[in-house]
């Protein structure tokens with residue numbers, strides 16, 4: 001069952017440090033561009049993933065082709081793809097051992113969510129972390145040096 005309780009979603013956001021954004025865009029008019037900036041401003045490391053702009057940089061981060069190229073552990077895979085395409089991103093998230101998948105506003109794929117949950121991942125659907133962070137009162141994420 002996807003997370004729907006505010007307390008559970010807040011706990012997920014508070015425990016995360018690294019977010020991979022599948023469908024990140026280098027175009028300022030796209031929602032993913034603004035959401036990525038807001039997540040970075042809150043203290044998360046956001047790694048963009050988009051095969052269309054692989055090798056470019058968005059908000060200072062190198063854009064990867066797919067999740068399997070990332071060397072760092074991923075706390076949340078934030079999916080900016082349509083509902084039908086979200087399943088592929090979820091399967092990649094499972095394969096790389098991500099802790100959670102987050103399907104953006106308007107993205108709902110129950111079959112993919114069930115696969116993620118069966119693999120032990122937490123699932124959020126049809127929500128936006130950039131909206132939930134201030135709404136739920138998630139404190140800024142401390143810098144890596146502050147956590148040591």
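FYI, it's all coordinate maths here, none of it is from the lab. Bear in mind that the values here come from a model prediction, so they are computed numbers and not experimental data. Using ideal geometry, Cβ is built from the backbone for each residue, glycine included, and neighbour counts are taken over all protein chains shown.
How do the peptides 19-31, 126-138 rank, highest first, by the average count of neighbouring beta carbon atoms within 10 Å per residue? Write out the running numbers ahead of the final one.
On the way: 19-31: 19.0, 126-138: 16.5.
The packing order, highest mean first, is 19-31, 126-138.
For a footprinting-style exposure proxy, rank 33, 44 by other Cβ within 10 Å, fewest first.
Ascending Cβ contact count within 10 Å gives the list 33, 44.
So, in nm, how far is label residue 96 from label residue 6 when the simple model puts each one 7 Å beyond its Cα toward the Cβ?
Taking the simple label geometry, residue 96 and residue 6 are separated by 3.2 nm.
Given C-alpha coordinates of the stretch 50-101, what is the ratio Rg to Rh with the Kirkwood estimate of Rh?
A ratio of 0.95.
Please list 64-75, 111-122 highest first by mean number of surrounding beta-carbon atoms within 10 Å per residue.
111-122, 64-75
If one puts a single equal scatterer on every Cα of the chain and applies the Debye formula without solvent, what log₁₀ I(q)/I(0) results at q = 0.09, 0.16, 0.20 Å⁻¹?
Each listed q corresponds, in turn, to -0.24, -0.79, -1.30.
What distance in nm separates the two pseudo spin-label positions at residue 85 and residue 18, each 7 Å out from Cα along the beta-carbon direction?
For residue 85 paired with residue 18, the spin-label model returns 2.5 nm.
Find how many whole Å separate the alpha carbon centroid of the stretch 104-143 from the alpha carbon centroid of the stretch 68-84.
11
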